[in-house]
Structure formats: structure tokens, C-alpha cells
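Have a look at the structure below, then the notes.
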Amino acid sequence: MITLTQFLRGTTPPNPLPDSKYYLRVPPNGWTVQGDAPDGIEEGDCGFVSVANHRDLISAVNGKPGVIPDVECAVMYRLETGWRAEAPGSDQGVILSRMVQFLADTGWAADGGQKPLAVGTCALDQIPLAIELFGAIYRWALLPQDPGGNWDFSGGAVQRGERGVRGHAMAQVAARAQPRLITWGGEVLPTQAWLDAYGQPDVYWALWPDWKLPGWATGLRPSA
């Protein structure tokens with residue numbers, strides 16, 4: 001696993017960086033719905049669903065939109081963690097760093113074992129650049145709840161000083177004028193203050209072989 005800085009060695013991105021709109025190619029109902037969705041299912045496969053949503057985005061940008069079914073995420077979750085539906089105690093979620101390394105080592109099971117060309121991590125201030133390069137990043141947050149017990153992505157959670165009570169992985173697909181996170185089969189639009197309060201420094205990226213890199217980055221590959 002390499003850092004984004006290592007990946008970019010010897011390259012100069014444009015300044016200012018263009019504000020990509022890749023996520024607009026995927027309709028609001030075109031994202032994978034994970035087992036953690038508000039449907040009573042409590043599978044902790046949110047990390048692999050973030051990967052699935054990233055793959056959904058790549059398919060849409062390539063002109064072949066499709067949605068990876070949640071069952072494929074459950075298979076990856078089982079392979080990586082040993083989770084079994086009939087053993088609730090095995091549902092412990094994933095550690096993002098381990099999940100990304102597992103993805104790099106084994107690839108996506110239902111996709112012929114296709115692997116990313118490279119995976120890595122980046123600093124929080126590199127998130128816009130990582131999204132521009134790879135289309136999405138895998139982001140971890142501690143979700144707060146509103147007084148009714150619902151997961152709260154609003155600025156009100158910050159104002160009330162709510163504590164993040166549940167770790168959750170999401171795909172982040174925009175980071176500038178309006179941060180966008182993909183989870184539970186749709187987009188949530190937190191404020192930057194929310195991300196500053198609840199977003200964790202666990203940020204990972206993956207370069208997939210069928211991703212269309214921005215023009216300035218065509219041919220960019222990990223440095224030695």
C-alpha cells in the first residue's frame with residue numbers, strides 16, 4: 001500500500017484542480033444498497049459496499065451502468081472476515097486498511113478476481129485530488145444520532161455536540177462545494193463541519209484498470 005504522494009511523484013496536477021462531476025453519471029437509485037441499510041439487517045459489510053459503489057460509478061462513466069448486488073458484498077465480507085449470517089457474533093465489520101489490502105491481494109470475487117492496479121492512503125487535505133484521480137475514495141466516519149435515534153448527517157449533530165456512536169464506511173464522491181457520501185443506496189450531503197467532526201483519518205483509494213483517468217493524469221502509475 002502506498003501513499004498518494006508516492007503515487008504522484010514527478011507529476012504536476014493542474015492548478016486550480018478541476019471540479020470533477022463523475023458522480024452525476026450515476027442516478028440516485030443506481031448505488032448498491034448494503035446490508036447495513038435501514039431495513040433491519042445488521043451486516044457490517046459497509047466497507048465492501050463502498051467498493052461496490054465505486055465500481056458502480058466506474059461502470060457508469062464507461063457507459064455501461066450497472067449496480068453490483070449486495071450479495072456480492074456479503075461474499076467479500078465473508079471471505080475477508082469469516083462472517084456467517086447464522087453466527088451473529090461474527091458480524092464485527094471490517095478494518096478499512098485490512099479490507100483494502102485484501103482487495104488488492106485477492107480482487108473482487110464475482111468479477112473474475114479483478115484487482116486494482118494500485119491501492120493506497122492519503123492525507124485529509126488530499127481527498128479532493130484523490131477523488132479527481134480515482135472517482136471516489138473509501139471514507140470512515142463515526143455516525144452521530146439525532147434525539148430520535150436516527151443517523152444524523154446534518155449540521156445539527158455538530159451544533160448539539162452529538163458523539164459519534166457507530167463506525168461506518170462510505171464512498172465519498174465529491175469534496176468541494178458540497179461533500180457527497182454514498183451510503184444506504186443513495187447520497188447523503190453532510191457539511192464540511194460534519195466531516196471535520198465525525199470523519200476519521202482513515203481514507204483509502206484504489207485505481208481500477210478500467211477507470212478513465214483525467215486527461216492530465218493519463219498513464220499515471222504508482223512510482224517505485
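Observations, loosely collected:
- Top-ranked residue in segment 70-94 [being part of a helix (DSSP H, G or I) and among the small types (G, A, S); ranked as farthest from R139 (Cα to Cα)]: G89
- Any chance Y198 is closer than 22 Å to S20 by Cβ, modelled with pLDDT of 95 or more and either touching a Gly at 6+ places or on another chain (Cβ under 6 Å) or not hydrophobic (A, V, I, L, M, F, W, C) (or both): no
- Taken as a whole, segment 101-117 holds no residue that is touching a strand residue (DSSP E or B) at 6+ places or on another chain (Cβ under 8 Å), hydroxyl-bearing (S, T, Y), part of a helix (DSSP H, G or I) and at negative phi.
- Whichever residue in segment 18-52 is assigned to a helix (DSSP H, G or I) and of a type in the set (V, I, T) and, among such residues, is modelled with the highest pLDDT: V51
- Within segment 144-174, being among the aliphatic types (A, V, I, L, M) and either closer than 25 Å to C73 by Cβ or part of a strand (DSSP E or B) (or both) holds for V165, A169, M170, A171, V173, A174.
- Residue within segment 148-159 that is touching a helix residue (DSSP H, G or I) at 6+ places or on another chain (Cβ under 6 Å), on the phi > 0 side of the Ramachandran plot and crowded, with 18+ Cβ neighbours inside 10 Å present: no
- Cβ-Cβ under 6 Å pairs, at least 6 apart or on other chains, segment 4-23 side closer than 22 Å to L117 by Cβ, far side outside any helix (DSSP H, G or I) and among the β-branched types (V, I, T): Y23/V173
- Residues being part of a loop (DSSP other than H, G, I, E, B), more than 28 Å from F7 (Cα to Cα) and more than 17 Å from the chain's Cα centre (by Cα) are entirely absent from segment 53-62.
- Members of segment 132-150 that are under 18 Å from the mean Cα position of the chain (by Cα) and either of a type in the set (K, R) or within 18 Å of Q192 (Cβ to Cβ) (or both): E132, A136, I137, R139, W140, A141, L142, L143
- Number of the condition not met by R160 [criteria: (1) closer than 25 Å to D56 by Cβ; (2) modelled with pLDDT of 90 or more]: (1)
- Test: G186 is over 16 Å from H54 (Cβ atoms) and small (G, A, S): no
- Pick from segment 93-125, criterion among the polar types (S, T, N, Q) and either within 15 Å of the chain's Cα centre (by Cα) or surrounded by 19 or more Cβ atoms within 10 Å (Cβ to Cβ) (or both), ranking: nearest to K21 (Cα to Cα): T121
The values are calculated or read from the model by the stated rules, or taken from the named source; none is laboratory data. All values derive from a computational prediction rather than experimental measurement. Using ideal geometry, Cβ is built from the backbone for each residue, glycine included, and neighbour counts are taken over all protein chains shown.
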